[in-house]
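Values in this text are rule-based calculations from the coordinates and carry no lab data. This one's a predicted model, so the numbers in the text were calculated from it and none came from an experiment. All Cβ positions, glycine included, derive from the backbone under ideal geometry; neighbour counts span all protein chains shown.
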Amino acid sequence: MAFVALGPQAPVASQKPTKTGRVALYLLLPGLFYLGLFFLTPLFSLILTSLKAPSATGVIGRYDVALEIGNYGYALGQYAPQIFRSFSFALIATVIALAVSYPIAYFIGVTARNRPLLKGMLLTLVIAPFFISMLLRTFAWKQIFSNDSWLLNTLKDVGLMGADSYIIGTDFAVIFGLVYNFIPFMTLPIYASLDRLDLRLVEAGQDLYANSVTTFRKITFPLSLPGVISGTLLTFIPISGDYVVASRDFLGSTDTAMIGNVVEANFLRIQDYPTASALSVLLMAAIVILVSAYVRKSGTEDLL
Amino acid sequence: MSADFVARGQDLELESIRKEFPGFVAVDDLDLKIPAGEFFALLGPSGCGKTTTLRMIAGLETPSAGHILIGGNDVTDQKPHHRPVNTVFQNYALFPHMSVEENVAFGLKQRKVDNPQQRAQAALEMVELQHLAARRPQQLSGGQQQRVALARALVNRPALLLLDEPLGALDLKLRRQMQIELKAIQMEVGLTFLHVTHDQEEAMDMADTVAVMNHGHIEQMGAPEALYDRPKTAFVAKFLGQSNLFVGEVAEADDAKLAINFKGNRLAAPAARVEKTKGKVAIGVRPEKTSFHPEKPASDPAVNTLGPGTITDIRFTGVSNQYQIEIPDVGEITVFAQNVGKSPVVELGAEVWVSWKVEHSFGLADLPTGEEEVAE
């Protein structure tokens, strides 16, 4: 009966997309709700806070709604070194993580492709750090790098380090910690790209007079670029805002403070909410600008 | 650094090439010589070692033993990018991140040839795709991709062009068209072509010489007509076209002919067309050389006759019909008859005698094992 009702002239084709469109919309609702509640609302609140002025009552930690654009200038001026350091550290750590991760990802995705056991073991090793809290792992490094650790004592004994030199609190320690924490985020997307790489294309490159270096440069690397881009974004963005590794409680010192640490200090210790908010907004804006420039450039393959 | 830009093809020589993989021998001491400028087909079922052979020539696989010579130079230890060889891969292996023109110019740029773009354009013109030069490979149809792959290989003017079942993914009509184009291009450029395929019609249609490969070695090699007319092994007889094979003890053998006793029937073959004259011998005939008769034909020493039998199956294939005739105590015989008149010539279930001229019989060097028919 239903078929008869529809009839041959029934505009099935035009009805169907509307129907699926509506279903898709319903399915999207939880996501939209989530985004509205947990992203847009805090963002709005953050921008609002970043423009507040100190309360007329003079009570510390109290602020009134205002349009104090000067907060941004103050934040920029006051914390320029930390902002610069954040992006420098993020850039350096991302580059090092890429250099370390690419060979690992290549080995798992290409070399070990036909050895499922080895491949599974290596992938597990890459993911293994996630089994332990990042805080604990970073703290473990603090122990290893601490002044009286066996590592430093050994290095000092063999003369590789000066007697009164140290690691904790240096740029090296912070960048090391950042690279260490974010390597899985770099390795996994690159692995996913290389795992799908059609090795016949590499053979075709060799067949067309390209040596192994050229084959890598012109074929393997460009074809793994989607993974490289996701990997670099997944490391660069969180590293820019990271406040754990560089904090004094972990591998950093006041000399290595990044934006995250400043935001944390302003929010939780100084209770300077407008400056902390302005810094957060600035960080977000900078990341959006940098990332969109990067993605656009890599999309046109100029990145090579 | 790499080989010269040659104007013509060069000859290829394989000297006792062997390739062992863990647990099996893919190519078993293969000797082969392909003269310059020839269109050579390596034909065989999947797993016969033909693709491994091709990959060793391209340098993508290292032989376990033996030598590969191109134009007299030993290239066995050369890396693929140093060999004057280009390959049209089975699935084309076009670079998805490059335009059609960049794909075609890739090899030229690696060898630092002058005017790569111009040459790539010319190569695309040859395959009539110059208007698609700016497209990405995945925007092209299968046939177009195939032609890009061909242009990408040919533009380098390799001493030897390897074709790894390049037409396998195309539909029948396009495949026929590409076969004609490929052959025309080969004649035009005068390069040596080595074509690997499991399609016997394709091999016979295009190649000057066909080598039939099985279990890592060449069973028989020669011009397509010669191979078809006189297969020497049961495998070739069954793989290259179809054959009716009859096995029996040799009943008489002299300078003119050989006859076997096949279940009480005397089947003869000319002495010049048999490989073996003692013991059990397999005698065969092609189905289209065979005919059937509603009456028992008069006895004639120049004709082999079997029957009577019953038509058990008729398959219409367009230009001809394929008839299966079941002869009691003898077995099944296949006969092709052209549909020049009324089709079918006889009705299903009719009683017929089968006969063919003795001169069309061939005697094999081995006996059928029954496994040949599983071949593709």
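Here are a few things to note about the model shown:
- FRET efficiency, 1/(1 + (r/R0)^6) with R0 56 Å, evaluated for A:Val295 and B:Asp205 via beta carbons: 0.65
- Summed side-chain charge close to B:Pro294 - residues other than B:Pro294 whose Cβ falls under 13 Å, Lys, Arg +1, Asp, Glu -1: -2
- Subset of B:Lys183/B:Lys232; B:Lys50/B:Lys232; A:Lys297/B:Lys79; B:Lys19/B:Lys232; B:Lys278/B:Lys357; B:Lys112/B:Lys173 violating a 31 Å alpha-carbon distance limit: A:Lys297/B:Lys79; B:Lys112/B:Lys173
- Among residues other than A:Tyr74 with Cβ under 13 Å from its Cβ, the summed charge is -1 (Lys and Arg +1, Asp and Glu -1).
- Using equal-weight Cα scatterers in the Debye expression, the normalised intensity of chain B in log10 at q = 0.07, 0.09, 0.11, 0.15 Å⁻¹ is -0.40, -0.62, -0.84, -1.21.
- Rounded to the nearest whole angstrom, the semi-axes of the ellipsoid equivalent to the stretch A:80-299, taken from the Cα gyration tensor as √(5λ), stand at 35, 24, 15, largest first.
- Using alpha-carbon coordinates, inclination of helix B:100-110 to the longest axis of chain B, degrees: 70
- Size descriptors for the stretch B:12-229 (Cα atoms only): Rg and Dmax, in that order, 16.9, 49 Å.
- Sorting B:Trp353, A:Trp150 by the number of Cβ atoms found within 10 Å of their own Cβ, with the fewest placed first, yields A:Trp150, B:Trp353.
- Legend: residue pairs B:Lys33/B:Lys109; B:Lys257/B:Lys280; B:Lys238/B:Lys280; B:Lys238/B:Lys289; B:Lys263/B:Lys296; A:Lys119/A:Lys142, Cα-Cα distance threshold 22 Å; pairs beyond threshold, B:Lys33/B:Lys109; A:Lys119/A:Lys142.
- GNM top mover of A:Phe131, A:Phe84, A:Phe216 - chain A, alpha-carbon springs below 10 Å: A:Phe131
- Among B:Lys19, B:Lys289, B:Lys79, a tally of other beta-carbon atoms within 10 Å of each Cβ gives an order, fewest to most, of B:Lys79, B:Lys289, B:Lys19.
- Gaussian network model of chain A, springs between alpha carbon atoms under 10 Å - residue of A:Leu251, A:Leu40, A:Leu233 with greatest fluctuation: A:Leu40
- Loop GluC sites (Glu not before Pro), the stretch B:13-99 (other Cβ atoms within 10 Å of the site Cβ: 12 or fewer; DSSP): none
- Proxy reagent accessibility, fewest Cβ within 10 Å first, across A:Arg113, A:Arg296, B:Arg152: A:Arg296, A:Arg113, B:Arg152
- Between 0 and 90°, nearest 10: helix B:172-189 axis offset from chain B longest Cα axis: 60
- With Cα atoms defining each centre, the stretch A:32-94 and the stretch B:326-368 are spaced 92 Å apart in the structure.
- For the protein assembly as shown, the Cα-based Rg and Dmax, in that order, read 37.5, 129 Å.
- Compactness of the stretch A:172-291, expressed as Rg and Dmax over alpha-carbon positions, Å: 19.9, 65
- The charge dipole of the stretch A:80-299, taken about its Cα centre with unit charges on the Cβ of Lys, Arg, Asp and Glu (plus for the first two, minus for the last two), comes to roughly 620 debye.
- Near B:Asn156, once Lys and Arg are set to +1 and Asp and Glu to -1 for all other residues with Cβ below 10 Å from its Cβ, the sum equals +3.
- Each Lys and Arg Cβ is given +1 and each Asp and Glu Cβ -1; about its Cα centre, the protein assembly as shown then shows a dipole of about 2160 debye.
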